[in-house]
Amino acid sequence: MGGEEEVEMDMCLLCAEDQALFAVYGCGHNSVCYKCALRMRFMTRYKKKDEHKRLLCPECQTSSDTLHIVRCEDRDSELGKGLEDPKWKGVFGADKDILQDINFLRGLYCPLWEECGVEEEFKNLDALRAHMNKKHGATLCGVCFEMRPLFLSEHMLYTPKQMRQHESMTERCELDDSNFYGHPKCYFCNQLFYDPEHLLEHMYHKHLTCDLCKGRPTTFHKNMSELVQHWRDEHYYCDKCHSQHGGLHSKQHHPSEWAFATEIDFQAHNVWPGPTSGTGRRHTGCVDAKSCMHCTALLCDPTEQMARGRQEGDPDPDGFAVLHGPATEPPERRV
């Protein structure tokens with residue numbers, strides 16, 4: 001954070017920008033600037049199985065436990081022991097000034113410190129954003145800061161108007177890249193996400209979909225209460241089971257056990273103990289055969305069926321299928 005002076009610079013192999021500080025890997029390669037090297041090692045998000053990639057040299061893919069940060073003109077000189085960074089293990093600076101540059105790179109410092117003269121590190125991001133908004137009339141995007149593998153000094157600064165355009169999916173901010181289309185929002189949580197992929201991950205993790213809506217576009221529901229209402233409106237839902245078993249607060253049953261895709265499944269649930277529901281769960285019937293006004297099956301006592309010489313599944317003279325059900329008084333025969 002010192003004054004400007006003439007320094008030797010060279011182009012980084014990765015970012016293609018002229019840089020004054022470069023990283024020297026254990027293998028000896030030194031064509032990557034210190035920002036790209038530190039970003040890959042400490043800022044980039046890797047899957048668990050790919051964590052080892054943090055230590056790889058981008059030129060030869062050799063693992064390197066140490067990273068020496070030196071000035072451009074010293075890249076090919078013999079490396080000394082260096083000074084190890086107090087926070088990042090395995091990172092060494094050639095001198096104290098380089099360690100100070102590394103600390104400024106990762107710290108919460110005002111990127112416009114030369115204008116305001118504030119060189120102290122802020123306690124948190126909110127304090128830094130409040131300072132920048134008050135002193136400079138600009139701020140950085142909190143969503144980009146959390147999701148993009150960039151150091152604070154590399155983030156774009158926006159005025160309030162530009163920030164609204166940056167976050168919007170319908171407006172364009174002149175400072176953004178042409179392939180950036182704004183931050184999508186979860187309207188259930190009123191929360192912004194970096195891109196549609198992160199929003200979709202959030203929707204599947206925090207909200208609910210209907211397993212009965214097969215063949216339809218995927219729709220999400222804020223919580224179980226809204227999903228149950230969807231089952232009532234678009235499918236078939238047994239409110240009697242819902243009430244008897246504690247509804248949304250039941251510890252032994254899940255509301256999906258009482259939701260059905262078709263009217264036939266729902267009718268079978270009402271009169272037959274133990275059918276499979278539309279979501280694949282089994283449960284007991286909740287309506288007595290005598291009180292079911294929609295049932296198209298006649299439940300007879302198995303003992304009476306045997307006495308009359310008919311087996312399960314044989315057609316009934318009156319056109320009803322004979323099913324084995326609970327031992328109840330058979331309904332009156334139609335004349």
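Got the relative contact order for segment 106-222 handy, in percent, Cα pairs under 8 Å and 6 or more residues apart?
Once normalised by length, the contact order is 14 percent.
Want the number for L150 to S250: 0.36 nm per residue separation, take away the alpha-carbon distance, what's left?
Net length gain for the segment: 31.4 nm.
Where Rh denotes the Kirkwood radius from the mean inverse Cα pair distance, what is Rg over Rh for segment 138-255?
Rounded to two decimals, Rg over Rh is 1.16.
Tell me, what is a quarter of the convex hull surface for the C-alpha atoms of segment 159-225, in nm² with one decimal?
5.9
So which trypsin sites (Lys or Arg not before Pro) in segment 62-104 are both in a DSSP loop and have at most 12 other Cβ atoms within 10 Å of their Cβ?
Counting only loop positions with at most 12 other Cβ atoms within 10 Å, the trypsin sites (Lys or Arg not before Pro) in segment 62-104 are K81, K87, K89.
Mind running the shape call on segment 150-198? Use the C-alpha gyration tensor, a ≥ b ≥ c as the square roots of the eigenvalues: rounded below 1.5 for a/c, prolate if a/b tops b/c, oblate otherwise.
Note, shape of segment 150-198 comes out prolate.
Give me the net charge for the shell around Y109: Cβ to Cβ below 14 angstrom, other residues only, Lys and Arg +1, Asp and Glu -1.
Residues near Y109 contribute -3 overall.
Just to verify a number: what accessible area does C210 come out at with the full protein assembly present, 1.4 Å probe, Å² rounded to tens?
Around 20 Å² of this residue is reachable by solvent.
What is the log10 of I(q)/I(0) for segment 55-146, computed with the Debye formula using one identical point scatterer on each Cα and no solvent, at q = 0.11, 0.17, 0.25 Å⁻¹?
-0.47, -0.87, -1.21
Roughly what would the spin-label model give for K96 and N223, points 7 Å off Cα along C-beta, in nm?
A separation of 5.7 nm, rounded to one decimal place.
Leaving ligands and nucleic acids out of the surface, order M40, M203, M9 by accessible area at 1.4 Å, largest first.
Highest to lowest solvent-accessible surface, that is M9, M40, M203.
Solvent-accessible area per residue for segment 1-85 at a 1.4 Å probe radius, Å²?
Per-residue value: 62 Å².
I'd like the GluC sites (Glu not before Pro) in segment 107-189 restricted to DSSP loop residues with at most 16 other Cβ atoms within 10 Å, sorted by number.
Those satisfying the criteria are E119, E120, E121, E171, E174.
The values are calculated or read from the model by the stated rules, or taken from the named source; none is laboratory data. Just so it is clear, the structure is predicted and the values come from calculations on it, not from any experiment. Every residue, glycine as well, gets a Cβ built from its backbone with ideal geometry; the counts of neighbours run over all protein chains shown. Note: accessible area is taken over every heavy atom of the protein model, side chains too, but ligands, DNA and RNA are not part of it. Shrake-Rupley method; radii C 1.70, N 1.55, O 1.52, S 1.80 Å.
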